[in-house]
Amino acid sequence: MSQDDIDASKAPLIEHLVELRQRLLRSVIAIILMFIVCFYFATDIYNILTIPYLEAAGADAKVEMIFTAPQEWFFTQLKLALFGAMFLAFPVIAGQLYMFVAPGLYNNERGAFLPFLIATPILFAIGACLVYFLIMPMAMGFFLSMEQSGGQGQVAIQHLAKVSEYLGLIMVLIFAFGLVFQLPVVLTLLGRVGFVSSEGLKDKRKYAIVGAFAAAAILTPPDPISQIGLALPTLLLYEVSIISVRLVEKKRAERDAEREAES
């Protein structure tokens, strides 16, 4: 390559870097704005997150939470605001990502990439709802069932939750379920590029079962409800992924057949 060719390639590269900087800046601004909003409503959001705890404790139970360090509740609000900001700003981040890569894609590639970008936050939200409405109430009911009222020959054992520990528990579960619910997106994308096949996924189903329970043991707290609650949807999503990859293969075969007919 001559020096003139090198100099000619600098302008497009610089333009791409400038555009990337602008896209990243817009994404960061969106995160900051959502962070401010979430921090302002942090107490209200936290109260919403404690509803599964209240349901598990019962309508007549008096639920109390504590913080044992002066800064604990403040940093809990910061964590909550950042978590909410990342989720709320994701449409902006995804849009900036798509607008950055779309010019380099063919029309059919754009059409294939956009549905996956839309499906990602939807599947994450479904996983989060599963945690909020089903897994968390069951898990808290399991934990609270271990309390002991005390009496003759017994000590009183009662649960007194810390604000940071409860937020950490529900955030871990939401993140774990949201991450696992991306399985169809990941496997379908791998199927589109030919890295996996529906038959290969079917043959590896027994390994997927072991992997699902292993992942649940790693990503969730050490209680059977959370682990089984994550492993079973993972196996269901794996089966959905097999069907999705099979549909991708079918469409690919149809396109190949049309090209052969035209040639």
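The values are calculated or read from the model by the stated rules, or taken from the named source; none is laboratory data. None of these values were measured; they are calculated from a predicted model. Note that we place each Cβ from the backbone using ideal geometry, even for glycine, and neighbour counts take in every protein chain shown.
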Review point. Which residues, taken from segment 88-109, are closer than 19 Å to residue 189 by Cβ, of a type outside the set (Gly, Ala, Ser), modelled with pLDDT under 85 and in a helix (DSSP H, G or I)?
Key: 98, 100, 101, 107, 108, 109
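For segment 158-181, which residues satisfy the criterion of being outside any helix (DSSP H, G or I) and either within 8 Å of the chain's Cα centre (by Cα) or at pLDDT 95 or above (or both)? Outline the logic, then answer.
Of all residues in segment 158-181, those outside any helix (DSSP H, G or I) come to 158-162, 181.
181 - this is the single residue of segment 158-181 that is outside any helix (DSSP H, G or I) and either within 8 Å of the chain's Cα centre (by Cα) or at pLDDT 95 or above (or both).
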Review point. Of the residues 140, 146, which single one is touching a helix residue (DSSP H, G or I) at 6+ places or on another chain (Cβ under 8 Å) and either in contact (Cβ under 8 Å) with a residue 60 or more places away in the chain or outside any strand (DSSP E or B) (or both)?
Key: 140
Review point. Which residue pairs have Cβ atoms under 6 Å apart, sit 6 or more places apart or on different chains, and have a first residue in segment 54-79 that is more than 16 Å from residue 162 (Cβ to Cβ) and a second that is part of a helix (DSSP H, G or I)?
Key: 55/137; 56/137; 56/140; 56/141; 56/144
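Just wondering, is there one or more residues in segment 32-42 that are part of a helix (DSSP H, G or I), modelled with pLDDT of 95 or more, closer than 24 Å to residue 139 by Cα and out of contact with any Pro (no Cβ under 6 Å at 6 or more places or on another chain)?
Yes.
Could you grab me the full set of residues in segment 228-243 that are surrounded by fewer than 19 Cβ atoms within 10 Å (Cβ to Cβ) and either touching a helix residue (DSSP H, G or I) at 6+ places or on another chain (Cβ under 9 Å) or hydroxyl-bearing (Ser, Thr, Tyr) (or both)?
Within segment 228-243, the subset surrounded by fewer than 19 Cβ atoms within 10 Å (Cβ to Cβ) is 228, 232, 235-236, 239-240, 243.
Selection gives 228, 232, 235, 239, 240, 243.
Let's see how each residue does on (1) closer than 21 Å to residue 140 by Cβ; (2) touching a Phe, Trp or Tyr at 6+ places or on another chain (Cβ under 7 Å); (3) not in a helix (DSSP H, G or I):
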residue: 196; (1), (2), (3): no, no, yes
residue: 201; (1), (2), (3): no, no, no
residue: 217; (1), (2), (3): yes, no, no
residue: 222; (1), (2), (3): yes, no, yes
residue: 230; (1), (2), (3): yes, yes, no
Review point. Pairs, please: C-beta under 6 Å, at least 6 apart or cross-chain, first residue more than 19 Å from residue 74 (Cβ to Cβ) and touching a residue at least 40 places away in the same chain (Cβ under 8 Å) and in segment 16-40, second β-branched (Val, Ile, Thr) and surrounded by 14 or more Cβ atoms within 10 Å (Cβ to Cβ)?
Key: 27/93; 30/92
